[in-house]
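Read through the structure below, which is laid out as structure tokens, and then see the notes.
The values are calculated or read from the model by the stated rules, or taken from the named source; none is laboratory data. Because the structure is a prediction, the values reported are computed rather than measured. Heads up, the Cβs are rebuilt from the backbone with ideal geometry, glycines too, and the neighbour counts pull from every protein chain shown.
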Amino acid sequence: MFFDQAKIHVQAGAGGNGIVAFRREKFMPKGGPAGGNGGRGGHVYVLADQNLNTLHAFRRRTHFRAKRGAHGGGNQKTGAAGDDLRISVPVGAIVRAAETDAVLADLTRDGQEALVARGGRGGRGNAAFKSGRNRAPRLAENGEVGEEGWLDLELKIVADAAIVGVPNAGKSTLLSVISEATPKIADYPFTTVVPNLGVADVSHIQIVFADIPGLLEGAHDGVGLGLDFLRHIERSRIVVHLLDGVSPDPLGDFEVINQEMALFNPALAERPQLIVLNKIDLPQAQKIWLRVQERLAEKGSPTLAISAVTGENVQRLLYQVKSLLDTLPPAIAPETPAELPALSPAEDETAFSIAHLEDNLWLVEGAAIARAAQMTNWDYYESGLRFQRILSAMGIADSLRAQGVQDGDRVQIGTVELVWGYENALGE
């Protein structure tokens, strides 16, 4: 089954912890602090792979997690960085942050990749805190947690030419004739319910065709199969508009399909078209061809009559497609903005807010202070003192006092809950 939409959860790796260690070598009784830093956590990337053509792989697996960084070692050894995780998606996939709908990646080339979740930085060991005032610090940081969040994946097939038309116009038959694709073919409408890709060789140049399932009036509003598959036309450089030669009104069909594409995306109205009447081997199609050709000549688009079944003029069709493509730029510019937003948007590092939730419970929120609380290793007394200095430097301690915090009140900062005390700003 064809899947062109999926939702996944990604989590970058946490950084490794820094450690407290001292040099213990012969003839060096006071070797000093030697605790190394932790390694950064693994990043999460999405990678375009031309061997994939649907998002089916994400139907059952939705959670992806990169490796965390290794902890620091003695002798100021930095821990190894966590292995990065690369999630393979089909070429043409668009990645959005589910919460904000912001585009994180628009992958239109094989091998193209984008960073969607950054690994946390490694915590510092005690060697990093050595100073003139504190020659033997006994504190270290935990590794920072990595970014995480839900992503929406949407696939838009990348093709040189999209074959569009009403149901039963012969799109799948044409694709099977010009390429080695084997789409399902039958004599009833909506035989094709998923887009099919085929590659045709024209003068030693490969041209990718996409067979788009039949469209009906109201497709842009979800009528028939249109809403699910109109998006796949957007990636194509040209449109091969296939008319059904035995339709009661092929020109009316032509106008309806063009209107639906324009209503879905106005840019599609400007997409170059090659208009092709199919089934010219049938007497009914031969009778209306001259009338159709005369009417379409007014629009200035190239026209052609073919028979996908007998192969009449099919080779000529391929040459016309190649000639039209040769007049266009190599590819349609992707929709990705120049600067991609992060999965977790940057916040004001100095901003914080305080809320009095209950009689003895206070909530302190802010990106910087929450990160500092998470990275503080509360096993070491000096780490607690350092966190108190951070509270004072940011103005949070004074703000809590001004709002009436009392001795013994609980203060929630991120995932850490502490107890306020008068002798020390915070105590456990």
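Listing for the model above:
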| item | result |
| --- | --- |
| Residue among VAL95, VAL91, VAL116 that is in contact with a His (Cβ under 9 Å, 6 or more places away or on another chain) and of a type in the set (A, V, I, L, M, F, W, C) | VAL116 |
| Scan of region 191-207 for residues that are modelled with pLDDT of 85 or more and either basic (Lys, Arg) or not in a strand (DSSP E or B) (or both), ordered by number | SER203, HIS204 |
| Some residue of region 69-92 being surrounded by fewer than 19 Cβ atoms within 10 Å (Cβ to Cβ), over 30 Å from GLU25 (Cα atoms) and touching a strand residue (DSSP E or B) at 6+ places or on another chain (Cβ under 6 Å) | yes |
| Flag if ALA136 is modelled with pLDDT under 95 and under 13 Å from the mean Cα position of the chain (by Cα) | no |
| Test: residue in region 183-190 that is modelled with pLDDT under 85, in contact with a helix residue (DSSP H, G or I) (Cβ under 7 Å, 6 or more places away or on another chain) and of a type in the set (Ser, Thr, Tyr) | no |
| Only one of ALA48, ALA14 that is of a type outside the set (Ser, Thr, Tyr) and at pLDDT below 95 | ALA48 |
| Residue satisfying condition, being at pLDDT below 90, buried (at least 17 other Cβ atoms within 10 Å of the Cβ), within 27 Å of LEU115 (Cα to Cα) and within 32 Å of the chain's Cα centre (by Cα), within set PRO334, PRO330, PRO345, PRO341 | PRO334 |
| Qualifying residue in region 23-39 (condition: closer than 30 Å to ALA93 by Cα and either at pLDDT 95 or above or assigned by TED's automatic domain parsing to the domain that holds THR376 (or both)) | no |
| Cβ pairs under 6 Å, 6+ apart, first in region 389-402 and assigned to a helix (DSSP H, G or I), second surrounded by 12 or more Cβ atoms within 10 Å (Cβ to Cβ) and at pLDDT below 90 | LEU391/ALA425; ALA397/ALA425 |
| Per-region count, region 277-327, residues of a type in the set (Val, Ile, Thr), modelled with pLDDT of 90 or more and closer than 20 Å to ASP249 by Cβ | 2 |
| Breaking point among (1) closer than 26 Å to GLY111 by Cα; (2) touching a Lys or Arg at 6+ places or on another chain (Cβ under 7 Å); (3) of a type in the set (A, V, I, L, M, F, W, C), for PHE58 | (2) |
| Filtered residues of region 250-280 (kept if of a type in the set (D, E, K, R) and closer than 21 Å to PHE209 by Cβ) | ASP253, GLU260, GLU270, ARG271, LYS279 |
| Subset of region 93-129 (residues that are small (Gly, Ala, Ser) and outside any loop (DSSP other than H, G, I, E, B)) | ALA93, ALA97, ALA105, ALA114, ALA117, ALA127, ALA128 |
| Where a residue in region 297-320 is farther than 18 Å from PHE209 by Cα and its partner, wherever it lies, is buried (at least 19 other Cβ atoms within 10 Å of the Cβ) and at pLDDT 95 or above, with Cβ under 7 Å and at least six apart | none |
| Residue in region 406-413 that is at pLDDT 90 or above, buried (at least 19 other Cβ atoms within 10 Å of the Cβ) and under 30 Å from ALA21 (Cα atoms) present | yes |
